[in-house]
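A.B. asks: Once you've had a glance at the structure underneath, I'll fire off some questions.
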Amino acid sequence: MDTLLSLVVLILSVIAHEVAHGYAANSLGDPTARLAGRLTLNPLPHIDLMGSIILPALLVFTHSPILFGWAKPVPYNPYNLQNRRWGEMLVAVAGSATNLFLAVIFGLLVRYGSAAGFDATALSLAASISFINLFLGLFNLIPFPPLDGFTVLRGALPWHLATGLGRFEHQVRTAGALSLVLFLIVFSYVLSGPFFKLILWLFGLLTGGSI
């Protein structure tokens, strides 16, 4: 998979992830992202120097087993949502749902594209898009703050359990970037093996084993 192409796909995929958060929030009653001009696929308003360019480039060019990055978080006010508890869950899951939708669409294109007349270059691009979005979608569903999966888990639990998770989230966010670095280290050495087996299995189901 071409290195530069992987970087471009990763950047555009994290931007699509954030835009989906904004559209979900807007549809549920919070216009903050729309008023801030963030409901656009134009990359410029979303680019975060560290999360969208420097870190993804380092990971891609060093052939890291982790493809990770982020765009500028789309602003939203949870107090504007029609139902704050379920609204926060839906806004959180919208990003991963978008990535997984793209993974399915382009994975099926890989599976059936040859019969439809697509050439090898197009199928290779589709495979890259599918694999990277599959990774991002599932990775962001891991229930650890600030990943979206934590917000989904907190919203799904009863109030007394959700309150405890809220305190844990506050402690993690207080630690700042250090908590994310520690999580990525643990993921790399402990969780990455089973996670990649899952990704490859799902990718094979979508594409019929074609890359």
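A.B. asks: Within region 129-148, how many residues turn out to be assigned to a helix (DSSP H, G or I) and touching a Ser or Thr at 6+ places or on another chain (Cβ under 6 Å)? If you could, list the steps in order and put the result at the bottom.
C.D. replies: Narrowing region 129-148 to residues assigned to a helix (DSSP H, G or I): 129-139, 148.
When the remaining residues are screened for being touching a Ser or Thr at 6+ places or on another chain (Cβ under 6 Å), the result is 132-133, 136-137, 148.
Looking only at that region, the number is 5.
A.B. asks: Hey, among F187, F183, F139, F168, which residue is modelled with pLDDT of 85 or more and surrounded by 13 or more Cβ atoms within 10 Å (Cβ to Cβ)?
C.D. replies: F139
A.B. asks: Let me ask something additional. Of the conditions (1) in a helix (DSSP H, G or I); (2) touching a Gly at 6+ places or on another chain (Cβ under 9 Å); (3) surrounded by fewer than 22 Cβ atoms within 10 Å (Cβ to Cβ), A92 satisfies every one except a single condition; which number is it?
C.D. replies: The number of the failed condition is (3).
A.B. asks: On to the next question. Looking at region 104-122, can you tell me whether even one residue there is hydroxyl-bearing (S, T, Y), within 20 Å of the chain's Cα centre (by Cα) and part of a helix (DSSP H, G or I)?
C.D. replies: Going residue by residue through region 104-122, those that are hydroxyl-bearing (S, T, Y) are 112, 114, 121.
Next, from what is left, pick out any that are within 20 Å of the chain's Cα centre (by Cα): none.
Checked against the condition, which is being hydroxyl-bearing (S, T, Y), within 20 Å of the chain's Cα centre (by Cα) and part of a helix (DSSP H, G or I), region 104-122 yields no hits at all.
A.B. asks: Does F168 satisfy the condition of being of a type outside the set (S, T, Y) and under 21 Å from I11 (Cα atoms)?
C.D. replies: Values: of a type outside the set (S, T, Y): yes; under 21 Å from I11 (Cα atoms): no.
Answer is no for this residue.
A.B. asks: Taking T98 as the residue in question, decide whether it is touching a residue at least 12 places away in the same chain (Cβ under 8 Å) and hydroxyl-bearing (S, T, Y).
C.D. replies: Working: touching a residue at least 12 places away in the same chain (Cβ under 8 Å): yes; hydroxyl-bearing (S, T, Y): yes.
It is true that T98 is touching a residue at least 12 places away in the same chain (Cβ under 8 Å) and hydroxyl-bearing (S, T, Y).
A.B. asks: Shifting gears a bit: What is the residue count in region 1-36 for residues that are assigned to a loop (DSSP other than H, G, I, E, B) and either in contact with a Ser or Thr (Cβ under 7 Å, 6 or more places away or on another chain) or at pLDDT below 90 (or both)? Please lay out each step first, then the result.
C.D. replies: Step one: list which residues in region 1-36 are assigned to a loop (DSSP other than H, G, I, E, B), which gives 1-2, 28-31, 36.
Now drop any that are not either in contact with a Ser or Thr (Cβ under 7 Å, 6 or more places away or on another chain) or at pLDDT below 90 (or both), which leaves 1-2.
Residues flagged as assigned to a loop (DSSP other than H, G, I, E, B) and either in contact with a Ser or Thr (Cβ under 7 Å, 6 or more places away or on another chain) or at pLDDT below 90 (or both) within region 1-36 amount to 2.
A.B. asks: Next up: Looking at region 76-89 only, could you name the residues that are outside any helix (DSSP H, G or I) and buried (at least 17 other Cβ atoms within 10 Å of the Cβ)?
C.D. replies: Applying the first criterion (outside any helix (DSSP H, G or I)) to region 76-89 yields 76-77, 81-83.
Those that are outside any helix (DSSP H, G or I) and buried (at least 17 other Cβ atoms within 10 Å of the Cβ): Y76, L81.
A.B. asks: P145 versus (1) under 17 Å from the mean Cα position of the chain (by Cα); (2) surrounded by fewer than 20 Cβ atoms within 10 Å (Cβ to Cβ): which is the lone unmet condition?
C.D. replies: Going through the list (1) under 17 Å from the mean Cα position of the chain (by Cα); (2) surrounded by fewer than 20 Cβ atoms within 10 Å (Cβ to Cβ), P145 breaks only (2).
A.B. asks: Of these, N99, N80, which one is out of contact with any strand residue (DSSP E or B) (no Cβ under 7 Å at 6 or more places or on another chain) and farther than 19 Å from I11 by Cα? Give the steps one after another, and end with the answer.
C.D. replies: Details: N99 fails: farther than 19 Å from I11 by Cα.
After applying the criteria, what remains is N80.
A.B. asks: May I pose another question? Yes or no: region 41-58 includes at least one residue that is touching a residue at least 24 places away in the same chain (Cβ under 8 Å), in a helix (DSSP H, G or I) and of a type in the set (D, E). Walk me through how you get there before you give the answer.
C.D. replies: Here is the first cut: in region 41-58, the ones touching a residue at least 24 places away in the same chain (Cβ under 8 Å) are 41, 43, 45-48, 51-53, 56-57.
Now drop any that are not in a helix (DSSP H, G or I), which leaves 51-53, 56-57.
Filter once more, keeping what is of a type in the set (D, E): none.
So far as region 41-58 goes, no, none of its residues is touching a residue at least 24 places away in the same chain (Cβ under 8 Å), in a helix (DSSP H, G or I) and of a type in the set (D, E).
The values are calculated or read from the model by the stated rules, or taken from the named source; none is laboratory data. Remember, predicted model here, so these are calculated numbers, not experimental data. Ideal geometry is used to build each Cβ from the backbone, glycine not excepted, and the neighbour counts take in all protein chains shown.
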